Amino acid sequence: MRRGASIFLAVIFCLSLLIGQRGVFAAAGPEWPISPVEVNVNGEFIALDVSPIEDNNRLYLPIRALASLGLSYSWNAASKITTIQNKNGEYLKLSVNSKMAYKNEQAIEMETPVKNKAGRVLVPVRFFTESLGYNVQYESIRNIVFITSKDYKFDAKLLEQEDLQAARKAAISLPVTSNFKTLGFKTYKDHQYTFPGGKATTYIFHDGYTTSVVEIMDGKAVLAGQFVTHPRGGEAIYWVGSVTEYNDPALKPFPDFYAKFSKQDNVISTFYYENGSEKGSFKSSAATQVYSDMIQNVPDNI
């Protein structure tokens, strides 16, 4: 194992303990707080005033959260019907606690009813988006739902822009796909990203348990490998993918010069390293920020 790589992985492990040391690692994954569902619409993470609901393997999102798709919606207090219309004039009519929906006055029976939470109407996201002509993709690695318009296309030039903070935000706004079966552990809530100094086209994602190595090529984020480090440090107890050892080429950009961004509860922490040693760190509040705001501006283009 290369000395730089082993030190880097040791740093990842130590910081993961700082983020959430919660006991013994089990083969099925620990019983830790699960990550809330994040929502990304046309390449931008959005703020949610009401958390999504997961019920019977279906995800419900508040209608208001999808306004960035260019949707308009109205509420009829007398009939208790919500009408949502897209920019092409297609519309849905929905009623809370009802499985019946109307698309352009044609009745459609949904598999699950519309819900209400804290005065917000929540709809089954896949039925809702696909009925109005949008694409939806769920990424289990980070527990993120990606919703895109039919005409949306990611601009790969965003990853090479001079504004490194913006480039890295664009990087984590891409859904991560995999050509192999992932480890499949639950996604836990304390997220952490590590980027090589000056770069946005590869990163390591860590949720306090599973570490995922992601490489971006041609505007697509692809999982290169995953592993889980033993709680006592050093060896990894699980590997999957093409990254199967600490001195793998995919990890070479990281050990000596990198930036690390983490979000724990309402605190965002930023650490940056040069020659393998911490050069600086700072913290900020995450209480009113969207998910991508954990990627902060780091001095010296690290």
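Could you work out the percent of alpha carbon pairs in segment 93-214 separated by over 21 Å, rounded to a whole number? All intermediate terms of the calculation are to be shown ahead of the outcome.
Details: 4155 of 7381 pairs.
In whole percent, the share of Cα-Cα pairs in segment 93-214 beyond 21 Å is 56.
When the Kirkwood hydrodynamic radius is evaluated over all pairs of different C-alpha atoms of segment 44-149, what value in angstrom, to one decimal, is obtained? Could the numbers behind the result be given before it?
Working: mean 1/r = 0.0712 Å⁻¹.
Hydrodynamic radius (Kirkwood, Cα only) of segment 44-149 equals 14.0 Å.
Relative contact order, percent, of segment 108-164 when contacts are C-alpha pairs under 8 Å separated by at least 6 residues?
On the way: 40 pairs, mean separation 10.4, N = 57.
Here the relative contact order equals 18 percent.
So which aspartates and glutamates can K99 reach, going by Cα to Cα under 14 Å and dropping same-chain residues fewer than 8 places off?
Hits, sequence-local ones excluded: E109, E111.
Could you work out the relative contact order of the chain? I mean the mean sequence separation of Cα pairs under 8 Å and 6+ apart, divided by the number of residues, in percent. Let's see the in-between values first.
On the way: 591 pairs, mean separation 52.6, N = 302.
Across the chain, relative contact order equals 17 percent.
Placing unit charges on C-beta atoms (Lys and Arg positive, Asp and Glu negative, everything else neutral), compute the dipole magnitude of the chain about its Cα centre in debye, rounded to 20. Before the final figure, lay out the partial values.
Working: 31 positive and 30 negative charges, 110 e Å.
Here the size comes out at about 540 debye.
Step through the table entries K189/K252; K181/K283; K153/K199, compare each Cα-Cα distance with 29 Å, and write down the pairs that go over it. If you can, show how the numbers build up before the last one.
Details: K189/K252 27 Å; K181/K283 35 Å; K153/K199 22 Å.
Over 29 Å Cα-Cα: K181/K283.
Per the helix-only calculation at 222 nm, which mean residue ellipticity applies to the chain, given -39500 (n - 2.57) for every DSSP H run of n ≥ 4 and division by its residues, nearest 500 deg cm²/dmol?
On the way: 3 runs with 34 residues, N = 302.
My calculation for the chain gives -3500 deg cm²/dmol from helical runs alone.
Work out, step by step, the length gained on full extension between D155 and S281: first 0.36 nm times the residue separation, then minus their alpha carbon distance; give nm to one decimal. Kindly include the intermediate steps, with their values, before the conclusion.
Details: separation 126, 0.36 × 126 = 45.36 nm, distance 3.09 nm.
Going from the current span to full extension adds 42.3 nm.
Farthest toward the dipole's positive end in the chain, which of A77, Y258, L94, given Cβ charges of +1 (Lys, Arg) and -1 (Asp, Glu) about the Cα centre?
A77
Which FRET efficiency value, to the nearest 0.05, is calculated for Y73 and N179 with the Förster distance at 41 angstrom and r the Cβ-Cβ distance?
For Y73 and N179, the calculated efficiency is 0.60.
Determine the dipole magnitude for segment 44-149: charges of +1 sit on the beta-carbon of Lys and Arg, -1 on that of Asp and Glu, nothing else is charged, the reference point is the Cα centre, and the result goes in debye to the nearest 20. Could you put the intermediate results ahead of the total?
Details: 12 positive and 10 negative charges, 52 e Å.
The calculation lands at about 260 debye.
Identify the GluC sites (Glu not before Pro) of segment 96-159 meeting these criteria: DSSP loop state and at most 12 other C-beta atoms within 10 Å of the C-beta.
On the way: sites: E105, E109, E111, E130, E139; in loops: E105, E111.
Answer in residue order: E105, E111.
Please give the charge dipole size of segment 160-302, origin at the Cα centre, charges +1 on K and R Cβ atoms and -1 on D and E Cβ atoms. Round to the nearest 20 debye.
Working: 13 positive and 16 negative charges, 83 e Å.
Here the size comes out at about 400 debye.
Among P113, I46, T129, whose Cα projects farthest towards the positive end of the dipole of the chain, with charges put on the beta-carbon of Lys, Arg (+1) and Asp, Glu (-1)?
P113
Relative contact order of segment 44-149: what whole-number percent is it, with Cα pairs under 8 angstrom and at least 6 residues apart?
20 percent
If you take the beta carbon distance between N297 and E274 as r and set R0 to 22 Å, what does 1/(1 + (r/R0)^6) give as a FRET efficiency, to the nearest 0.05?
Numbers: r = 16 Å, r/R0 = 0.74.
That gives a FRET efficiency of 0.85.
Read-outs throughout are calculated quantities, based only on the coordinates presented, and are distinct from any laboratory measurement. From a predicted model like this one, the values you see are computed outputs, not experimental measurements. Backbone-built Cβ (ideal geometry, glycine too); neighbour counts: all protein chains shown.
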